[in-house]
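Structure first, then comments.
Please treat every number below as a calculation from the coordinates, not as lab data. Owing to the predicted nature of the structure, the values given are computational and were not obtained by experimental measurement. Here the Cβ is made from the backbone with ideal geometry for all residues, glycine too, and neighbour counts use every protein chain on show.
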Amino acid sequence: MQGDGGIMDVKTEIELNRGLLDFIQASPSVFHVIDNLKKRLEEGGFAECREKDCWKLQPGGAYYVIRNDSSLIAFRLPAARKPEEGCPFQGYHIVAAHSDSPTFKIKTRPEAVTENRYVRLNVEAYGGMILSTWLDRPLSVAGRVAVRREDGGLDTRLVNLDQDLLVIPNLAVHMNREINNGYSYNLQTDMLPLMGLLPEKGPESEEPARPSPQGILLREVARELGIAPEDILDSDLYLYVREKGRVAGRRGEFLLSPRLDDLQCVYAGLEGFLSAVPGQYANVLAVFDNEEVGSGTRQGADSTFLEDVLLRVQDSLGYGPSVYRQLVADSFLISADNAHAVHPAHPEKADPTNRPVLGGGIVIKYHGGQKYTSDALSAARMRLWCERAGVPCQTFANRSDMMGGSTLGNISTAHVSLRSVDIGLPQLAMHSAVETGCGRATAQAVAAFEQFWRE
Ligand code: CO
């Protein structure tokens with residue numbers, strides 16, 4: 001970051017990882033991710049543009065747009081050019097990452113009572129997680145609620161029930177001798193978290209009125225927000241893992257944390273974005289929701305969000321649609337989503353010749369069928385940015401006989417057709433409740449993104 005005296009005030013690897021783990025802990029739901037990005041951007045002097053308002057952008061200005069409280073696009077424009085140059089800047093330099101992670105969504109009317117005592121919450125999977133990792137550990141609830149206002153309107157409130165509230169207990173090995181032989185967890189029966197116990201029933205005659213189990217969770221949410229339960233009209237609530245992320249390994253090589261995919265890229269993107277002053281290009285940080293469920297929502301990468309924002313930038317600066325196309329033609333997207341390192345217990349699962357490891361640098365991802373957008377030219381440009389930033393790169397490809405995952409790049413470029421590369425930071429145990437990431441990678445990503453955004 002630029003210090004007071006204009007001296008580069010570079011954050012150390014330790015400071016960056018501490019910041020990352022604090023950011024993840026403060027972001028238990030996708031809505032909190034965006035709220036925390038918004039706070040950092042506001043501190044950095046960025047102004048909010050609301051989609052329903054008229055925008056009056058200025059060259060040199062710094063802005064952000066939020067859609068659905070769960071996706072965000074921030075942009076910083078270069079200083080003014082002379083009108084005879086025909087367009088306001090050279091193009092866009094965009095880093096995209098995703099705000100969501102696999103979790104469990106709490107269904108409407110969630111309370112389910114067993115044995116007249118146990119209160120569990122009815123949940124469904126959001127994304128594809130390693131189910132077993134969610135059992136036998138403290139969990140809680142976070143998300144957003146729609147609240148009735150006194151004037152009859154609606155407010156959105158974020159909520160985090162910041163306590164060890166829930167657990168999904170395993171069945172004892174004595175009752176499931178198959179548990180170590182590849183047991184298949186059932187989402188509807190095995191995965192409902194236990195929230196508490198109903199009060200014991202007294203003798204019939206003196207039994208006090210027992211509180212209804214329905215609405216227990218909403219009453220907790222209302223208490224947390226200091227409002228009446230009946231003023232909560234609806235909610236988007238999710239489970240989250242309570243453990244705070246930590247640095248581990250003999251020399252602190254590893255990060256153990258929930259949601260490293262993809263909050264490590266989001267956080268590195270934010271740090272690089274805030275510290276880089278644009279050169280000839282407008283800098284853009286795009287953080288999309290719903291990557292884990294295919295991106296096909298109003299706020300996902302497979303929406304018009306990015307296109308809408310970029311089109312409105314030209315409009316607001318007084319340029320027409322052909323300038324938009326001119327700018328897009330000279331723009332670049334780094335699609336940043338964490339990557340699979342070779343697993344020490346299963347090296348055979350990795351491609352025989354492209355074998356990224358933790359600590360080996362930024363991973364450039366390739367796919368012949370173009371699930372990843374990297375090609376010779378885009379990957380070469382990424383390699384140059386990394387080289388100038390002093391950051392090593394490594395490469396990933398799926399084994400030819402294995403289907404890999406997909407990510408944001410090719411979905412996003414279907415809407416805004418610009419040159420793009422897919423990268424990620426190496427990690428193990430992707431989509432586990434606690435993932436194993438690489439301590440060095442955060443600082444490497446910040447340095448590479450900064451380099452990209454300075455040019
Ligand atoms: Co991801």
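Pairwise Cα distances in region 289-357 exceed 13 Å for 75 percent of all pairs. Out of every Cα-Cα pair that region 44-132 contains, those further apart than 15 angstrom amount to 75 percent.
For D164 and D234, what does the FRET efficiency come to when R0 = 35 Å and r is the distance between their Cβ atoms, rounded to the nearest 0.05? That gives a FRET efficiency of 0.85. Within region 310-455, all pairs of alpha-carbon atoms sorted by distance into 10 Å bins from zero give the percentages 11, 38, 32, 14, 5, 1. Between T133 and A80, the FRET efficiency from the beta-carbon distance, with R0 = 60 Å, is close to 0.70. Spacing of the modelled spin labels on N186 and Q214, each 7 Å from Cα toward Cβ, amounts to 2.6 nm.
Approximating the spin labels as points 7 Å out from Cα along Cα→Cβ, the A26-to-D53 distance works out to 2.3 nm. All other residues whose Cβ lies under 14 angstrom from that of R219 are scored, Lys and Arg at +1 and Asp and Glu at -1, for a net of -3. Note down the relative contact order for region 397-455 as a percent, whole number, built from C-alpha pairs under 8 angstrom at least six residues apart. Relative contact order, region 397-455: 18 percent. Beyond 19 Å, how much of the Cα-Cα pair distribution for region 89-186 remains, as a whole percent? I get 62 percent for the Cα pairs in region 89-186 exceeding 19 Å. Legend: calculated FRET efficiency, R177 to R251, from the Cβ-Cβ distance at R0 = 51 Å, rounded to 0.05, equals 0.80.
Nothing charged except the Cβ atoms of Lys and Arg (+1) and of Asp and Glu (-1): what's the magnitude of the dipole of the chain about its Cα centre? Round to the nearest 20 debye.
Result for the chain is approximately 860 debye, rounded to the nearest 20.
Solvent-free Debye calculation, one equal scatterer per alpha-carbon of region 152-194: log10 I(q)/I(0) at 0.16, 0.17, 0.25, 0.27 Å⁻¹ equals -0.63, -0.67, -0.96, -1.03. Only lysines eight or more places from K38 in sequence, or on another chain, were considered; those with a Cα closer than 27 Å are K11, K52, K56, K105, K244. The mean of 1/r over all distinct Cα pairs in the chain, once inverted, gives the Kirkwood hydrodynamic radius of 23.6 Å. Roughly how many nanometres apart are two label points built 7 Å out from the Cα toward the Cβ at H431 and R325? With each label placed 7 Å out from Cα toward Cβ, I get 4.0 nm. Considering only V119, L166, A345, the residue lying farthest towards the positive end of the dipole of the chain is A345, judged by Cα position with unit charges set on Cβ.
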